[in-house]
1. Based on DSSP H runs of at least 4 residues, each adding -39500 (n - 2.57), what is the mean residue ellipticity at 222 nm of the chain after dividing by all its residues, to the nearest 500 deg cm²/dmol?
2. Could you work out, for segment 27-140, what percent of all Cα-Cα pairs fall into each 5 Å distance bin, beginning at 0 Å and stopping at the bin that holds the largest distance?
3. Would you work out which of ALA216, ILE130, ALA234 lies farthest towards the positive end of the dipole of the chain? Charges go on Cβ: Lys and Arg +1, Asp and Glu -1.
4. Please give the residues of segment 222-250, grouped as numeric ranges, whose backbone N is less than 16 Å from a label point set 7 Å along the Cα-to-Cβ vector of ARG49.
5. Tell me the label-point distance for the pair ARG9, GLU145, using the 7 Å Cα-to-Cβ offset, in nm and rounded to one decimal.
6. Label-point separation (nm) for MET219 and ARG30, each offset 7 Å from Cα along Cα-to-Cβ?
7. How large, in percent, is the carbon and sulfur part of the accessible surface of the chain at a probe radius of 1.4 Å?
8. Over the chain, what is the relative contact order in percent, taking alpha-carbon pairs closer than 8 angstrom and at least six residues apart?
Amino acid sequence: MEFQFDTARIGVNLPDRQSVLTAVRDRFERRQGFALATINLDHLVKLARSPAFRQAYAAQDLVCADGNPIVWLSRLARRPVSLVPGSDLVIPLARLAAETGIRVALVGTTDAALDAAAARLRYEAPGLSIVATIAPPMGFDPDGEPAAAILSDLAARDVGLCFLALGAPRQEALAARGRSLAPATGFASIGAGLDFLAGSQQRAPQWVRRIAMEWAWRMLSAPRRLVSRYAACAAILPGQAAAALALRRRTR
């Protein structure tokens with residue numbers, strides 16, 4: 001599945017969870033870095049508005065579908081992919097890192113949440129080596145000097161997997177920069193994944209996710225922050241559906 005923005009083409013190149021884990025295991029075994037992004041409808045809104053975000057996304061090596069609308073659009077285009085939420089990848093990736101002897105860092109959210117998330121990950125993935133937990137200050141700029149210092153520190157610590165919980169577009173921008181400043185590090189942009197593990201944010205119940213209504217649950221839990229975001233997402237759906245149909249016709 002792919003999305004076109006001016007001259008930039010953003011593609012989902014990992015169709016399901018198993019392909020994500022296989023690709024990451026291969027990178028771990030070769031000690032090769034990567035940037036993993038999980039694309040959703042809000043990202044499509046940001047990609048349409050921001051050339052800088054498009055450039056950051058183009059630098060992502062691995063992209064999977066984090067959002068039912070992406071899955072629905074892929075089916076409409078007859079290039080189906082499965083739902084792979086970033087939050088659901090955190091524990092499996094941590095276990096994979098523990099199995100392969102990869103050192104891990106956590107970057108984002110707050111110090112308290114990072115401490116709680118680290119404790120949970122060590123419990124879920126016995127033997128996991130977490131060598132750094134970094135909570136950047138408010139207003140953190142992924143293009144600034146403090147960001148460069150963080151990336152250099154990750155490289156010096158031989159970090160093979162860094163979970164980025166900074167939110168879009170900052171996490172994807174930092175991952176893109178990390179591909180040059182910390183080329184042996186794998187960056188996984190997972191949004192609120194660490195906060196969910198820490199319990200500092202509550203994720204929608206399983207039954208809500210099963211009926212594809214997690215977006216509504218989230219919006220009702222934080223309407224002031226999310227109503228406008230989801231309105232913007234709804235506004236681009238007709239155009240994205242038309243683009244998916246055009247992609248479908250081109251592949252006949």
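The values are calculated or read from the model by the stated rules, or taken from the named source; none is laboratory data. No experiment lies behind these values; they were computed from the predicted model shown. Every residue, glycine among them, receives a Cβ derived from its backbone with ideal geometry; neighbour counts consider all protein chains shown. Surface areas here come from the heavy atoms of the whole protein model, side chains and all, with no ligands, DNA or RNA. Shrake-Rupley method; radii C 1.70, N 1.55, O 1.52, S 1.80 Å.
1. Result for the chain, helices only: -17000 deg cm²/dmol.
2. Bin by bin from 0 Å, the calculated values are 2, 10, 15, 18, 20, 17, 12, 5, 1.
3. My answer, from the dipole projection, is ALA234.
4. 224-237
5. Inter-label distance under the simple model: 4.1 nm.
6. 4.2
7. Carbon with sulfur: 53 percent of the solvent-accessible area.
8. Relative contact order comes out at 23 percent.
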